[in-house]
Amino acid sequence: MSIIEKAASRIENKKGEAQGAPAGAARQADSLPPAPPAAVPDAATTTTTAAASAPAPAAAPLHAPRRTTNHVELDLERMHGIGLVTAAGGRTTLVEDFRIIKRPLLKRAFAARAPGEKPGNLIMVTSSLPGEGKTFCSINLAMSIAMELDHTVLLIDADVARPSVLRTLGLPAHRGLMDLLLDDKLDMSDVMLRTNVNTLSILPAGSNNPRATELLASQAMSTFVYEIANRYPDRIVIFDSPPLLLTSEAHVLASHMGQIALVVEAEGTTQHAVKESLRQLEGCSNVNLIYNKTREFPGTETYDYHYG
């Protein structure tokens, strides 16, 4: 073989070796199990991976308890300006008078009860006729008791035909007692107003209803009254009631009460009206009189209040 033929033979052998290596590698790869497809690092894959690796949020309870809290700010300076009792008002004649008025009421509120006796911590404030100052006395009595160190107060506007507690305090209308009696899905926390006086809460009258008397006489009202009388051992509940001689609601309310305070306007309420009101309250225990708008001495406070 010539030198040229030997060189050509070596070149052919090198080409064969170069082409054979890949073929062998391919045959070796065929004998292995198939590899999984490579992941494509696009945005969708990244998002799905992150979501899959994040811990799943805990499922919300199906019936989570409602903790609705309605808070209102009483304008104590305004209240003091219109003659209402406030802790910041100082030692005025009005403050002292309501200290005298509340003391026997508090004593009876937590006294031992005879079997069948109504809870003494349920106090109804009413009058014979409108304009004698029952709402004014209800608010002042509540504010005075709220100053106590050992008691809390719930003030309920039960004058459902002509509610005036919120208006007197400069607060907007709100759901309240009537709504609670009509809708069994409502809870006290949905309608009760907590105030910036920590020991005082307010339950408004709520929506006007033509069947108010029947609602106040219902089993729902009896259940409600029992609950608020017994839920907190330190609580005094004051009901601002409609006038006795104009509505039937007051008589129904009186049947639930442990104590009743009848407001009498000095030189305004007639003796006949007072006697008729007391006659209608026969059978109710612990009926008291608050003599309102009296003038004691020239040069003293224009109005003060006395308990009798």
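A short reminder: the numbers here are calculations on the coordinates, not readings from a lab. This is a predicted model, so every value here is computed, not measured. Positions of Cβ are generated from backbone atoms using ideal geometry, with glycine treated the same way; all protein chains shown enter the neighbour counts.
Please give the net charge around GLU249, taking every other residue with its beta carbon less than 15 angstrom from that of GLU249, where Lys and Arg add +1 and Asp and Glu add -1.
Numbers: positive: LYS134, ARG162, ARG211; negative: ASP157, ASP159, GLU214, ASP240.
Spelling it out: positives minus negatives among the neighbours equals -1.
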Apply the Karplus parameterisation 6.51 cos²θ - 1.76 cosθ + 1.60, with θ equal to phi minus 60°, to every residue of the range 176-185 and state each ³J(HN,Hα) to the nearest whole Hz, in sequence, with x for glycine and proline.
x, 4, 4, 5, 5, 6, 7, 10, 6, 7
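So, by mean Cβ neighbours within 10 angstrom, what's the order for 119-130, 100-111 with the highest one leading?
So the peptides 119-130, 100-111, ranked by packing, come out 119-130, 100-111.
Rounded, prolate or oblate: which one fits the range 81-190, using the alpha carbon gyration tensor with axes a ≥ b ≥ c (rounded when a/c is under 1.5, else prolate when a/b beats b/c, else oblate)? Please list the in-between numbers first.
Working: a/c = 1.67, a/b = 1.13, b/c = 1.48.
Oblate shape, in that a/c is at least 1.5 and b/c is the bigger or equal ratio.
For a quick check: sort GLU117, GLU282, GLU148 by the number of other beta carbons within 10 angstrom, fewest at the front.
Values: GLU117 12, GLU282 7, GLU148 15.
Ranking GLU117, GLU282, GLU148 by Cβ neighbours within 10 Å, fewest first, gives GLU282, GLU117, GLU148.
Does the range 219-273 come out rounded, prolate or oblate, given a ≥ b ≥ c as the square roots of the eigenvalues of its C-alpha gyration tensor, rounded meaning a/c under 1.5 and, failing that, prolate meaning a/b above b/c?
On the way: a/c = 3.89, a/b = 1.91, b/c = 2.04.
Oblate.
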Amide H neighbours of ASN292 under 5 Å, at least 5 residues apart or on other chains, H built in the peptide plane: list them.
VAL264, GLU265, ALA266
Using only Cα atoms, what is the ratio of the radius of gyration of the range 163-308 to 2.2 N^0.38 Å?
1.17
Just the Cα atoms of the range 99-152: what Rg and Dmax do they give in Å?
12.7, 37
Lys and Arg at +1, Asp and Glu at -1: add these up for the other residues within a Cβ distance under 11 Å of LEU215 and post the number.
-2
